[in-house]
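The values are calculated or read from the model by the stated rules, or taken from the named source; none is laboratory data. The model shown is predicted, which means the values in this text are computed figures rather than measured ones. Using ideal geometry, Cβ is built from the backbone for each residue, glycine included, and neighbour counts are taken over all protein chains shown.
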Amino acid sequence: MSEPQPTAPTLEKDPGGAPPGPAEGSGRFWSPRRVPVAVVAVLLLGGAGLLLYDIVAVRAHHPAMHWRRALARQLAERPLDDGWVLAGAAVAAVLGLWLIVLAVTPGLRGLLSMRRPHHHVRAALRRDAAALVLRDRALDVSGVRSVRVRVRRKKADVRAVAHFRDLDEVGADLHTVLSEALQGLGLPRPPTLSVQVARPGRKG
């Protein structure tokens with residue numbers, strides 16, 4: 001069985017910085033998050049344009065729009081502990097926290113940053129590609145019938161089914177083979193390996 005080579009689907013030039021060592025990572029890749037940015041920009045642009053149009057109309061001695069008069073009246077008459085006021089404040093707070101989380105977190109959790117042998121190149125490996133490599137290596141171990149692999153940022157979970165050989169021996173071989181495979185993926189900090197082996201029909 002031919003083993004798929006780890007691919008680096010994301011390459012990015014980095015013009016600044018000193019050349020990192022052979023084990024240094026490229027850092028997390030940040031998601032552009034175009035959809036939230038576009039939604040916020042459209043809402044702000046629409047609201048600002050509508051408000052500006054109404055202000056210009058008032059300056060031109062036209063009556064203010066009904067929605068602005070109604071909003072001003074509601075804000076003046078409703079107490080702060082009113083249910084609608086509290087609900088609106090809660091929605092605004094949740095949206096604000098969501099935008100803050102998007103601003104300070106990188107996203108792109110499906111990419112694992114790889115080592116940087118050259119300071120001007122950044123590379124990443126998809127987690128499903130890493131899981132496929134580990135799965136193929138695990139199936140080469142004698143006694144392994146099937147295997148499920150889930151690679152996360154800090155942990156690689158392997159659940160194997162062995163139809164012959166001692167389970168402890170199969171588990172030890174899997175741990176050795178998959179540890180070498182993880183080291184060969186080119187990750188600066190390989191995920192911690194967790195291996196469980198069971199017989200067919202039993203949960204690991």
Subset of region 117-135, residues farther than 20 Å from residue 193 by Cα and either of a type in the set (A, V, I, L, M) or free of Cβ contacts under 8 Å to residues at least 60 places away in the same chain (or both), comes to 121, 123
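Yes or no: residue 110 without any contact (Cβ under 8 Å) to a residue 24 or more places away in the chain and surrounded by 12 or more Cβ atoms within 10 Å (Cβ to Cβ)?
Yes; evaluated as a whole, the condition is true for this residue.
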Could you please let me know if residue 140 is over 21 Å from residue 30 (Cα atoms) and in contact (Cβ under 8 Å) with a residue 40 or more places away in the chain? yes
Report, by residue number, each residue of region 138-170 that is closer than 17 Å to residue 187 by Cα and of a type in the set (Lys, Arg). 150, 152, 153, 154, 155
Please specify each residue of region 179-193 satisfying the condition of being surrounded by 13 or more Cβ atoms within 10 Å (Cβ to Cβ) and among the polar types (S, T, N, Q). 179
Is it the case that residue 85 is modelled with pLDDT under 85 and surrounded by 10 or more Cβ atoms within 10 Å (Cβ to Cβ)? yes
Going by the conditions given, is residue 125 in the same structural domain as residue 159 (by TED's automatic domain parsing), hydrophobic (A, V, I, L, M, F, W, C) and more than 21 Å from the chain's Cα centre (by Cα)? no
Matching residues in region 146-178 (within 18 Å of residue 127 (Cβ to Cβ) and either surrounded by 13 or more Cβ atoms within 10 Å (Cβ to Cβ) or hydroxyl-bearing (Ser, Thr, Tyr) (or both)) number 12
